[in-house]
Structure formats: C-alpha cells, structure tokens
Amino acid sequence: MKKITLLLFSLITITFYGQSYTVTSFNNTYTNLVSPQLLTTTVWDDPDFVIAPDFPVIINGNAYDTLLLNDLGCTIYGIKNGTMYDIVNPSLIDVIDRGYDAEVSQSNISMKTDGFIGNRILKIQWQNVGSYGEYDMGGNSMSINFQLWFYEQGSYIEVRYGNSNVTDVSMFYEDETGVGVAILEDNYSSGDNNVYLTGSTGFPSVTVQGSYLTGTPQAGQVYRFTPSMSIGVNENSVKNLVVYPNPCRESLHVNGVLEKYEIYDAQGRLVKIDVVNAQKIINVADLKKGVYIMIGINSDGENTRISFVKE
C-alpha cells in the first residue's frame, strides 16, 4: 500500500516526546472499516477475544504473534507463552454494548488487516459503543467511535477517533476528566516506559503517570505513537553475539543466535525489519551511507543493540 506523507492530510501536527514513544497529534478523516471481521456478534460487556495478527505486532519494542482483547472492553494485551505483557488502551474507559439491557446489540467491535505484506495495518474498531458509567446510571444515549491501528512497517501505533455523542463527561467517563490513551509496560503498573496522554485532546502532553485527557477527541483526531529505537533494549542481553564487518557495504554477517532484527537510522526511524536468514547474512545494500543502530532479538525475546556504519 502506498505510504501517505503525513503533511498531505494533517491539519494540525504537534509532536511530544516520551521515554518509549514519540507522540504526534494530527487530524485525518475518520472512515469506518469496510467489510471487517466482527469480534462481537451478540450483546456484550467485558468481551474476551484472542487475536492472531497477520504479522508480529510491536509494543514497547516487543514482538507479539498473539493479542488479547480483554478488560474494560478496549484493552489490548501482548501475549507470550500464555502471559500478558505490554498493553495498549485507546480509551481507558469501561465500554459496553449500548443495547446490553435490551439484549439487542447496538454496538460492535471488529477488525481488519489492510495493505500488502511488509506494509500491512491491523485495524481494530469500536463502533457506537457506550460506557458502563452511563449504563450504571440507567442510561444509554451517549456513544463514541474509535479505532486502534498497528503498523507492520515502522511499528507505529495509532489511535483514531470518530464521531461522538458525549453530553455528560463526568458520567460517561466515570468521574474522570475525559478519554484516556495509554501504552503500558505491564498491567497498569508504574513504569518508566509507560506513556499516558494528558491535557487537551488537540494538544496533549505525555506522562508516565496514570492520566486522562480533558473531554472527548473531535472526529478525525489521530494520536500516532512512533517507537524510540532504544525501547526494550538491553545492550548485552544476547550473549556472544558478533555482527561484522563494521563498517560494511553490502551485508552484515551474524555470529551468534539471532532470530530477527530491526535497523534504525540516526534519526531513530525504523528503516528495515526482518528475520535472520539461514545464512545469517543481513543485506544492507539498500541503506544509504551513515550510522545505524541494529536491534537483534533472539528466540527468547532477549535483545541487544549494536551500532554500525554503512559505507
């Protein structure tokens, strides 16, 4: 799928910096998914679904082949060996089917993968959902629409908001100031790599402490999380790993146990991601001259960071 430059569709672009992600706020037209796979087919509250992405989803520098939709109806967990790890939550409120009491569904959760291999996007959509806060007070008139996108190329994560009808912020968000957006290390515990958005929905700030935005994002609001090249990386966690030659021209040779790798340029942009082939040779001929950081990951999920020069 053709990559669209941000500046072509951005009305307002503001960038903030956190420990693990750079967060960019901009506007783009919100479009409902076309012919998605429904995850909910009946009325629901606190759904529990296992999602098998078509490509490894990267959260906080960790690759996941399995995701779990659980908790609050909108929490996405990365799963490894049956254990829940990194978390993405696009609203931090307890969402619910607006037809729950009537036993006729008015809301749904769905998903779809768009794009071609190497440039795919996993899109998860919450359509016309209500909040448990309003339901608990006997109402179901308010609603929001939002999507969560995971990018194969660049490992970006985006939260996109559509039309909303929230007339009582305190009730809908259960006494919080508004919607919440967060990427967390582990089950809502504190951590240096946690990212919460706080403040204005159009001009948010980033914090590692639990926080919420003020109000509901307008239709078309997008929050893009771009991974920092250093997140989740321990300098020497993959033992006895050697990559040579350095400097290099056409290829890098791997001496040691390595399953996959990511390469970032000097600006921290992901420029290459792949598995290590049987010959343990990484082709870098297509890279421009300069300094790069390679993050190597073994089968146990351990990783290390190695810098190299492309001549």
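Data overview
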{"quantity": "Any hit, the range 102-120, residues being of a type in the set (Lys, Arg) and modelled with pLDDT of 95 or more", "calculated": "yes"}
{"quantity": "Qualifying residues in the range 153-172 (those that are part of a loop (DSSP other than H, G, I, E, B) and out of contact with any strand residue (DSSP E or B) (no Cβ under 7 Å at 6 or more places or on another chain)) - the one modelled with the lowest pLDDT", "calculated": "Gln153"}
{"quantity": "Search result, residues across the range 241-253 that are in a strand (DSSP E or B), closer than 28 Å to Tyr156 by Cβ and either open to solvent by 80 Å² or more (accessible area, probe 1.4 Å) or modelled with pLDDT under 85 (or both)", "calculated": "Val243"}
{"quantity": "Contacts under 9 angstrom Cβ, first residue in the range 278-294 being under 23 Å from Val257 (Cα atoms), partner open to solvent by less than 50 Å² (accessible area, probe 1.4 Å) and small (Gly, Ala, Ser), 6 or more apart", "calculated": "Lys280/Gly256; Ile281/Ser251; Ile282/Ser251; Asn283/Ser251; Val284/Ser251; Ala285/Ser251; Ile293/Gly268"}
{"quantity": "Residue under evaluation Arg305, criteria (1) open to solvent by less than 20 Å² (accessible area, probe 1.4 Å); (2) under 24 Å from Tyr21 (Cα atoms); (3) touching a residue at least 60 places away in the same chain (Cβ under 8 Å), criterion not met", "calculated": "(1)"}
{"quantity": "Residue count for the range 264-300, restricted to those that are open to solvent by 40 Å² or more (accessible area, probe 1.4 Å), modelled with pLDDT of 80 or more and not in a strand (DSSP E or B)", "calculated": "8"}
{"quantity": "Wholly within the range 45-136, strands (runs of 3 or more DSSP E) carrying at least 2 residues that are surrounded by fewer than 22 Cβ atoms within 10 Å (Cβ to Cβ) and either at negative phi or without any contact (Cβ under 8 Å) to a residue 60 or more places away in the chain (or both)", "calculated": "49-51, 62-64, 66-70, 75-80, 83-89, 108-114, 121-131"}
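The values are calculated or read from the model by the stated rules, or taken from the named source; none is laboratory data. No experiment lies behind these values; they were computed from the predicted model shown. When we count neighbours, we look across all protein chains shown, and the Cβ atoms used for this are built from the backbone with ideal geometry, even at glycine. The protein model used for the area step is the full one, side chains on, heavy atoms only, and it has no ligands, DNA or RNA in it. Shrake-Rupley method; radii C 1.70, N 1.55, O 1.52, S 1.80 Å.
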